[in-house]
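The values are calculated or read from the model by the stated rules, or taken from the named source; none is laboratory data. Computed from a predicted model, the values in this text were never measured in an experiment. Every residue, glycine among them, receives a Cβ derived from its backbone with ideal geometry; neighbour counts consider all protein chains shown. Accessible surface areas use protein heavy atoms only, side chains included; no ligands, DNA or RNA. Shrake-Rupley method; radii C 1.70, N 1.55, O 1.52, S 1.80 Å.
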Amino acid sequence: MPLSYPTLIPGLRSPYDQVNGLVYFGRMLDKIRLTAAGKLPEGWQPMRGNAKGSFDWRCCEFLKIDYTALEAETLKGGSDESLLAWAYANGRQPTEQEIEVWNSFMTKRGWRDAGTQRLNERLEEIGLPPGTVQTMFEYIEIDEGRLTPEAKKP
């Protein structure tokens with residue numbers, strides 16, 4: 001039996017949303033804040049933070065920061081921009097070109113790459129056929145109600 005969707009979580013932004021030009025970072029901050037407030041679904045906890053292969057893990061690897069340290073800093077308060085500045089100061093500040101490559105990788109993950117199988121598994125979990133969407137970001141958009149499967153049909 002398919003899982004129900006969309007999964008509506010107020011305060012959780014799209015992975016496409018950018019903080020100073022960087023995709024996904026703001027979503028990761030939202031997940032930290034929502035977890036602290038007890039508003040992130042229990043089933044989402046295993047793929048938060050340092051779970052190897054997760055988008056949180058990939059983002060922290062890209063920035064060369066420790067997720068636990070970012071979580072602690074986030075919970076102190078501050079804007080997304082100040083937290084990204086903290087990440088740059090405590091990890092590394094990627095070049096404009098590196099951010100372009102990061103954004104391209106993240107927005108296309110699942111499209112004809114090692115993530116395709118997982119994308120198709122996730123689609124099956126909510127009762128949609130493989131090929132409904134081409135990327136994990138698009139899957140997230142469908143799963144969270146910002147995109148409908150009909151909108152993706154050719």
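Of the conditions (1) out of contact with any Ser or Thr (no Cβ under 7 Å at 6 or more places or on another chain); (2) over 16 Å from Arg27 (Cβ atoms); (3) in contact (Cβ under 8 Å) with a residue 24 or more places away in the chain, Arg118 clears all except one; give me its number.
All conditions pass for Arg118, except number (3).
Looking at (1) more than 16 Å from Met136 (Cβ to Cβ); (2) at pLDDT 95 or above, which one does Cys59 not meet, given that it meets all the others?
(1)
What's the number of the condition Trp57 fails, among (1) loosely packed, with under 13 Cβ neighbours inside 10 Å; (2) within 15 Å of the chain's Cα centre (by Cα)?
(1)
For region 16-30, check the following and say yes or no: at least one residue is open to solvent by 30 Å² or more (accessible area, probe 1.4 Å), of a type in the set (Ser, Thr, Tyr) and modelled with pLDDT under 95.
no
Kindly provide the set of residues from region 103-117 that are open to solvent by less than 80 Å² (accessible area, probe 1.4 Å), in a helix (DSSP H, G or I) and over 16 Å from Gly21 (Cα atoms), ordered by number.
Residue satisfying the conditions is Thr116 alone.
Evaluate the following for Ser79: is it surrounded by 14 or more Cβ atoms within 10 Å (Cβ to Cβ), among the polar types (S, T, N, Q) and free of Cβ contacts under 8 Å to residues at least 60 places away in the same chain?
In short, no.
Suppose the filter is assigned to a loop (DSSP other than H, G, I, E, B), closer than 14 Å to Pro6 by Cα and either of a type in the set (D, E, K, R) or open to solvent by less than 70 Å² (accessible area, probe 1.4 Å) (or both); does Leu128 pass it?
In short, yes.
Condition first: in contact with a helix residue (DSSP H, G or I) (Cβ under 6 Å, 6 or more places away or on another chain) and not aromatic (Phe, Trp, Tyr). Now tell me which residues in region 60-77 satisfy that.
Cys60, Leu63, Ile65, Glu71, Glu73, Thr74, Leu75
Yes or no: Ser54 small (Gly, Ala, Ser) and more than 16 Å from Lys31 (Cβ to Cβ)?
no
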